[in-house]
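Note sheet for the following structure.
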Amino acid sequence: MLIFRWAILLLLLVAGVSFAFYAGTGQTKYRRFGWIVLKWTLLAAFGFFAVLIAERAF
């Protein structure tokens, strides 16, 4: 469980660095990559925490 939390944190950090590169360089490839990483990270995080909540509820 701890590994998944660290993976989510690191992926959010990757997205943040990608957006910082976009702000610094203005190249749209960094913004596109940041949105893709952020989208899939949030989707995975919601799924992971939904399973944890469902496990405790039942």
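The values are calculated or read from the model by the stated rules, or taken from the named source; none is laboratory data. Please read all numbers here as calculations on a predicted model, not as lab measurements. Glycine also receives a Cβ, built like all others from the backbone with ideal geometry; neighbour counts cover every protein chain displayed. Heads up: the accessible areas ignore ligands, DNA and RNA and are worked out on the full protein's heavy atoms, side chains in. Shrake-Rupley method; radii C 1.70, N 1.55, O 1.52, S 1.80 Å.
Overview of results
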{"item": "MRE, 222 nm, helices only [DSSP H, n ≥ 4, -39500 (n - 2.57), over the chain, to nearest 500]", "result": "-33500 deg cm²/dmol"}
{"item": "1.4 Å probe accessible area per residue over the chain, in Å²", "result": "82"}
{"item": "Most to least packed among 17-29, 34-46 [average Cβ atoms within 10 Å]", "result": "34-46, 17-29"}
{"item": "In Hz, Karplus ³J(HN,Hα) per residue of the range 43-58 (6.51, -1.76, 1.60; θ = phi - 60°; x = Gly, Pro)", "result": "4, 5, 5, 4, x, 4, 6, 5, 5, 4, 5, 5, 5, 6, 6, 10"}
{"item": "Integer Hz, Karplus 6.51/-1.76/1.60 couplings in order for the range 19-28, x for Gly and Pro", "result": "5, 5, 5, 4, 5, x, 9, x, 7, 6"}
{"item": "Extension gain from Thr25 to Ala44, taking 0.36 nm per residue of separation minus the Cα-Cα distance", "result": "3.9 nm"}
{"item": "Rounded percent of accessible protein surface that carbon and sulfur make up, the chain, 1.4 Å probe", "result": "76"}
{"item": "Karplus (6.51, -1.76, 1.60) ³J(HN,Hα), θ = phi - 60°, over the range 5-13, in Hz, Gly and Pro reported as x", "result": "5, 5, 5, 5, 4, 5, 5, 5, 5"}
{"item": "Where N is the number of residues in the chain, Cα Rg divided by 2.2 N^0.38 Å", "result": "1.38"}
